[in-house]
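Report on the following structure.
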Amino acid sequence: MVIAVPILLAVLLLLSGVAVFAAFGLASVLGLDSLGQSLQSVPAIMFAGMDSFPLMAVPFFLLAGVLMKHTGVSTRLVRFVGSFTGWIKGGAGLTMIYASAVFGAISGSSVATVSAMGSILSPEMRRDGYPTQYIGALTAVSGTLGILLPPSIPMVVYGIATGTSIGDLFLAGISAGVLLIVTLTVVHLVIARRMPNLLRDNQLDATERAQRRLRRTFPPAVPALLLPVLVLGGIYGGVFTPTEAGAISCVAALLLGFVVYRSLTVPQFARTLREAAVTTAGLLIILAAGTLFSRWLTLSRVNATLAEWVAEHASNTLVFLVLANIVIAAVALFVEENTTIIILAPLLVPIAVQLGIDPVHFGVIMVVNMGISLSTPPMAPNLFVAAKVCSASFSRMTKPTVVFLALAAVPVLILVNLFPDMVLFFR
């Protein structure tokens, strides 16, 4: 009963619209007080949740993503990707998928990817005849690539919470990201063929015009395309850590904005810093509250109780994975993805390891679940952002979003669960 009260309080506060950090913070304080713990330790516990060298990668990658958005780098990437896909029926949708993958490989954020790609590509897709609700749905689900492909912010958080190698998580995420790109491509092309009013870009002299467009868009896109190569190559080449890679990506983005493209002004840079700082502060305070809640779960022996229950009911690895996916999906529907990881990873990963599941494999499973939850109501931040930037109706976006999730994202989740070698190919 004592354990149930803080959990119930957190759920009620979340459902009533209270901010995530406040809901978990208040529930944690109540839980710690009921255990007779001194509340003087609360600030220290919360600070410890943010006092991490690897966590410094998060604000750096966030800033790099915001810089890419405001310096016109994302626009150049979209034009370059579009030169490959524009002549195909449904090409603008393919551009959305592939450009989201490239931008996600720079920003590490799903919501940032949705915001950048939706604002750039939605007008073009409307001109090509796509329904507005379809544009919003494709934008939202394509944004999932932002947290699957490295550098993924949720993977950084998972690595910190569980002590797992962030570099290994980044490598494992590549397979899941590529799988989602393939499934989204197939589903989109099948649907696009059934849209009679859809225009085919570059329909006249398609090959020649596409070649001219490629020659025109490739040179400006080269510096931006080299940024993910620099960051990821440096990490896996042992030149720098993921945290240092975040700082280097910021420096590279600044050079692109101020020197190469000359599209970034000092006032714009100040606004960019402010936007990144606000986003980072919001994320860190949520992580601090999640750390406090996780500490209460440990002190109240929820971890041990859950482990005993799983040992009794999960007779094999497959049963555990089914149960774990249900728990992760249920929590992620109502709780921000990084908070979900901070709370559930310390509970589930030790059990997974005990059953012989690689923590890197389990991390990818968690992040794929997070990606699906980002486009699943009631929270669905990707859907809300896509509805705003694409000028689409949230309610009308739901149906095409469900189609993409059911036919593209969920199959990836199933494959990742059943075939760990797909994500652990590098071992």
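The values are calculated or read from the model by the stated rules, or taken from the named source; none is laboratory data. Predicted model, so just to flag it, every value in this text is computed and none were measured. Positions of Cβ are backbone-derived with ideal geometry, glycine not excepted, and every protein chain shown enters the neighbour counts.
What the table shows:
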| read-out | value |
| --- | --- |
| Single unsatisfied condition, Leu413 versus (1) at pLDDT 95 or above; (2) out of contact with any Gly (no Cβ under 9 Å at 6 or more places or on another chain); (3) under 22 Å from Ala137 (Cα atoms) | (2) |
| The range 253-280 - residue that is in a helix (DSSP H, G or I) and in contact with a Pro (Cβ under 9 Å, 6 or more places away or on another chain) and, of those, farthest from Leu63 (Cα to Cα) | Val260 |
| Test: residue in the range 278-296 that is of a type in the set (D, E, K, R) and more than 19 Å from the chain's Cα centre (by Cα) | yes |
| Unique residue being closer than 24 Å to Glu308 by Cβ and either β-branched (Val, Ile, Thr) or touching an Asp or Glu at 6+ places or on another chain (Cβ under 7 Å) (or both) when the list is Ile372, Ile357 | Ile357 |
| Selected residue (only one of Ser175, Ser142, Ser165 is under 21 Å from the mean Cα position of the chain (by Cα), within 14 Å of Thr95 (Cα to Cα) and not β-branched (Val, Ile, Thr)) | Ser142 |
| Unique match (being within 30 Å of Leu348 (Cα to Cα) and either out of contact with any Cys (no Cβ under 7 Å at 6 or more places or on another chain) or at pLDDT below 90 (or both)) among Thr207, Thr183 | Thr183 |
| Test: residue in the range 238-246 that is within 28 Å of Arg79 (Cα to Cα) and either of a type outside the set (S, T, N, Q) or outside any helix (DSSP H, G or I) (or both) | yes |
| Residues being surrounded by 23 or more Cβ atoms within 10 Å (Cβ to Cβ) and either of a type outside the set (A, V, I, L, M) or in contact with a Pro (Cβ under 6 Å, 6 or more places away or on another chain) (or both) - total across the range 375-394 | 3 |
| Residue that is modelled with the lowest pLDDT [pool: residues in the range 354-364 that are surrounded by fewer than 19 Cβ atoms within 10 Å (Cβ to Cβ) and out of contact with any Phe, Trp or Tyr (no Cβ under 8 Å at 6 or more places or on another chain)] | Gln354 |
| Tally, over the range 148-167, of residues that are within 16 Å of Gly233 (Cβ to Cβ) and assigned to a helix (DSSP H, G or I) | 2 |
| Helices (runs of 4 or more DSSP H) within the range 1-77 that include 1 or more residues touching a residue at least 60 places away in the same chain (Cβ under 8 Å) and closer than 30 Å to Ala105 by Cα | 20-34, 42-50, 57-70 |
| Check on Tyr134, assigned to a helix (DSSP H, G or I), more than 30 Å from Val360 (Cα to Cα) and among the aromatic types (Phe, Trp, Tyr) | yes |
| Candidate set from the range 31-56 (those that are surrounded by 16 or more Cβ atoms within 10 Å (Cβ to Cβ) and farther than 27 Å from Pro151 by Cβ); member that is farthest from the chain's Cα centre (by Cα) | Gln37 |
| Evaluation of Asp128 against (1) at pLDDT below 85; (2) of a type outside the set (Ser, Thr, Tyr); (3) buried (at least 23 other Cβ atoms within 10 Å of the Cβ) (one fails), failing number | (3) |
| Residues of the range 215-252 satisfying the condition of being of a type in the set (A, V, I, L, M) and over 18 Å from Val58 (Cα atoms) | Ala221, Val222, Ala224, Leu225, Leu226, Val229, Val239 |
| Residue within the range 87-94 that is closer than 22 Å to Gly173 by Cα, in a helix (DSSP H, G or I) and at pLDDT 85 or above present | yes |
| Lone unmet requirement of (1) assigned to a helix (DSSP H, G or I); (2) modelled with pLDDT under 85; (3) closer than 27 Å to Leu14 by Cα; (4) not aromatic (Phe, Trp, Tyr) for Ala311 | (3) |
| Residues located in the range 214-268, provided they are of a type in the set (Gly, Ala, Ser) and either at positive phi or surrounded by fewer than 16 Cβ atoms within 10 Å (Cβ to Cβ) (or both) | Gly233, Gly237, Gly238, Ser263 |
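Let's see how each residue does on (1) more than 24 Å from Phe170 (Cα to Cα); (2) surrounded by fewer than 24 Cβ atoms within 10 Å (Cβ to Cβ); (3) basic (Lys, Arg):
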| site | (1), (2), (3) |
| --- | --- |
| Ile351 | no, yes, no |
| Lys399 | yes, yes, yes |
| Ala406 | yes, yes, no |
| Leu418 | no, yes, no |
| Arg427 | no, yes, yes |
